[in-house]
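Here's the structure, in structure tokens; my notes come after.
The values are calculated or read from the model by the stated rules, or taken from the named source; none is laboratory data. These figures come from a predicted structure and were not determined experimentally. FYI the Cβ positions are ideal-geometry reconstructions off the backbone, even for glycines, and counts take in every protein chain you see. These accessible areas exclude ligands, DNA and RNA; they are computed on the full protein's heavy atoms, side chains included. Shrake-Rupley method; radii C 1.70, N 1.55, O 1.52, S 1.80 Å.
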Amino acid sequence: MKSFLNFRGSREKGKMGNAMRFFLGFIAFSFILMASFGFGAYFYITGTLPKLDTLDDYRPNIVSSVYSDDEREIGEFFLEKRIVVPYSRIPKVLINAFVAAEDGRFFEHKGISLIAILRAAVKNIEAGGVVQGGSTITQQVAKAMLLSPERKLLRKIKEAILAHRMEKKFSKEDILSLYLNHIYLGEGAYGVEAASMTYFGKHVEEITLSEAALLAGLTSSPSRHSPVSHFEKAKERQVYVLERMVEEGYITPDEEREALNQILNLRKKEDINRPLAPYFTEHIRRYISEKYGDDVLYHDGLKIYTQLNIKMQESAERAVVEGVKEIDKRQGFRGPAKRLKPEEADLFTSNLSETIVKSPLEVGKNVEGVVEKIDNKGKFVSVRIGDIRAKLDFLEMAWAEPYIPKTGDLLLVQVKSLHPKTGEVRVTLDQEPEVQGALVAIDPYTGYVKALVGGYDYKKTEFNRVVQSRRQPGSSFKPIIYAAALDKGYTPASIIIDSPVIFEQALEGQTWKPKNYDAVFHGPTTFREALIHSRNVVSIKILNDIGIDYLMDYAARLGITSPLNRDLSLALGSSGLSLLELTSAYGVFAAQGDKADPVFITKIVDRDGKVLEENYPVVINALSKGTAYIMTNLMEGVVQSGTGQGVKTLGRPAAGKTGTTNDLSDAWFMGFTPDLVAGTWVGYDHMKPLGKAETGGRAAAPIWLKFMQGAVAGTPVKGFPVPDDVVFVKIDKETGLLATTKSTETVFECFKEGTAPTEYSNPEALQGTDFFRYEAGMESGDVSPVMPPEHELE
């Protein structure tokens, strides 16, 4: 029995041992299997990971910048607004702010921080929402630059592995440099340099502790925390960052308080990403896109150098805006935008109040307001602008007569004054112009474009009326005809009879009887007087005499490239030209006969410092100095006593010519000083009359004058140099011959050497006119084939 029991016990022990061995074997097998699976999964995952070598040559999309003549930035082109800066330029205060906010143990961990994960979890539970992330800065770099943004466990595993590898391969400074140059910080800005320029208008090395904390606070939600859109939320994040900096020992509590009390000078939202010269920079963008492609333009961080002058550009933009508004107001008030019912007015002003909080009123700003009451006794209208009641004096809306305001009228007004103590706001009645205007200014000796405004408002229309539009120049084309005539033997003293003439049209049975703008014929007229007073009939006779083909070749020498009508209507400026080419042609007169092609870009350099192109002035001689000077002198007469005398108040030597076209649909003024040539155009895009008496002298010349007053302010006054081969001779103004004691009116006239008159004046001989150069080779009543313009031009 005992032996049986012993036998049975040993059998039980054997079974138990086998079971244990089986269990242990199963555990071991499972462990091996899991380890194999884990290693297999690890090797599989690591086999699909991107190479870290891509970070060695960090070449993200960066901003291409356009620079003015003093190398100030005037425009940017980008897909991602990023400006990469070396680590050495990033201030310690900014580095500390980002590290404290995002990864307090960044300089201690090896890519992953369990402490950070636990701390973030606690903070988020306490806050009742996500206020802090658990990913390290290294993990964020791995996710942003090497992985997709999908929220999956596999991606988090890859992120952790990559972060660990990055810590082995790169220094902490390298990782921070990648992070701070790559991170998105709102309002289109990527990286700390672009963000600093976007929000504060300063380079990253110039920012303060307060500003650094504000930027570091944007990482969790750049859109929701943008200081220009949601200032209070941005301040909350700034407070959090400063608290973390104190906790990490980067700053003291006193420094924290000082930073919190610092006033932040933020750029206005409407100024962010707004180029200084939008039509100019857009012209450059189109050129680079067509020549080099968008990949180079938006990826390669080009530095594009120009000779645009910021002072002149600002003067040009003011002149066009103010001038166009003046013209538009002369055409009358088009009425309120709408008339609101009381409940509609309340809703409108309530919504406007929120807008004004974000973008406060300032002098010169346009804003819509609702007429609340009319005070006839006080002679003003109370206009409600959000929660603000502004005063609109009757005098400030006199231009809108016979309009009578009514309660509920929705008006566009411009802020005239803001009283700093009483808070009183005064406004003037305004309206959005339908008229357009354009201006371009060029250095005549180099061709450098110094200022360009292609329209009233780039935000409303990008169409560039300086380079893309072709409009009839009217009489502003006449100086080209008169210069051609000077080289065909005419002189400023030549006499042409301003008298009726009939031309036979190409269409059988029709005739053209051209007339002057004032519908008066003036008889014997000197070459000078004909240009100064823009005599149409005389100009037609001169063109008929010198020949249309000759003129077309001559115009090409001055840089006119647009197709020209091959008929006598050319004398009246009937062929469409661009403002740029006509302004450049006038530059030949200013530059003493030399023609310089317009230059927009002087140099383009890529991100590696390679010069893609460099443009120097291309200058050729187009006219003799004598011809150029005499034309300049004649056009000085236009300014002093002719159709352009409105610009005489410039107070320094200037020459120019007005132009007005069909039914007053286009108004031009082309003019120059010794160092600067500028052209202005005004008109409607859809070709309708500007209004009664809106000639080049009244509509376009004031814009030119306003521009020039700003452009030449503070520069020395210069005269136009007189060439050695030009002489001045005293002549009888009536006959164009040498003056005698019998001459009633005399003047010193300029001539090329050898072309001055040699005969003395005999006023009585006017009855015969045998010795006058008149009728340009035809007697009154002669006919010549021509296709005339539809209407007379000035």
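At a glance:
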| item | result |
| --- | --- |
| Rounded to whole Hz, the Karplus (6.51, -1.76, 1.60) HN-Hα couplings of the range 239-253, x for glycine and proline | 4, 4, 4, 5, 4, 5, 5, 5, 4, 7, x, 7, 9, 8, x |
| Residues residue 488 and residue 264, FRET efficiency given R0 of 41 Å [Cβ-Cβ distance, rounded to 0.05] | 0.05 |
| Carbon and sulfur %, accessible surface of the range 191-230 computed with the full protein complex present, 1.4 Å | 47 |
| Equivalent ellipsoid dimensions for the range 633-768 as semi-axes, Å, which come from the Cα gyration tensor, largest first | 34, 21, 12 |
| Under the Karplus curve 6.51 cos²θ - 1.76 cosθ + 1.60, θ = phi - 60°, whole-Hz ³J(HN,Hα) for the range 424-437, x wherever Gly or Pro sits | 5, 10, 10, 10, 10, 6, 9, 7, 6, x, 9, 6, 10, x |
| Accessible area (Å², 1.4 Å probe, nearest 10) - residue 281 | 10 |
| Intensity falloff of the range 494-570 expressed as log10 I(q)/I(0), Debye formula with alpha-carbon point scatterers, at q = 0.16, 0.19, 0.21, 0.25 Å⁻¹ | -0.67, -0.90, -1.03, -1.19 |
| Solvent-accessible area per residue for the range 450-586 (1.4 angstrom probe, square angstrom) | 33 |
| For the range 413-505, the spread of Cα positions along each principal axis, largest first, Å | 70, 39, 30 |
| Quarter of Cα convex hull surface for the range 512-637, i.e. mean projection, nm² | 10.0 |
| Accessible-area composition of the range 471-545, carbon plus sulfur, in percent [1.4 Å probe] | 49 |
| Surface accessible to a 1.4 Å probe, residue 725 within the full protein complex, Å² | 60 |
| Separation in nanometres of the label points that stand 7 Å from Cα toward Cβ, at residue 79 and residue 358 | 2.8 |
| Mean Cβ neighbour count within 10 Å, used as a protection proxy, ranking 494-503, 419-428 highest first | 494-503, 419-428 |
| Heavy-atom accessible surface of the range 348-470: percent carbon and sulfur, 1.4 Å | 53 |
| Over the range 303-371: Kirkwood hydrodynamic radius from C-alpha pairwise inverse distances, Å | 15.9 |
| Diffusion coefficient, µm² s⁻¹, Stokes-Einstein with Kirkwood Rh over alpha-carbon pairs of the range 155-309 at 4 °C and 1.567 mPa s | 71 |
| Zone residues, the range 185-204, relative to residue 72, backbone N less than 16 Å from point 7 Å out along Cα-to-Cβ | 201-203 |
| Under-5 Å amide H pairs with residue 497, H placed in peptide plane, nonlocal only | 525, 775, 776 |
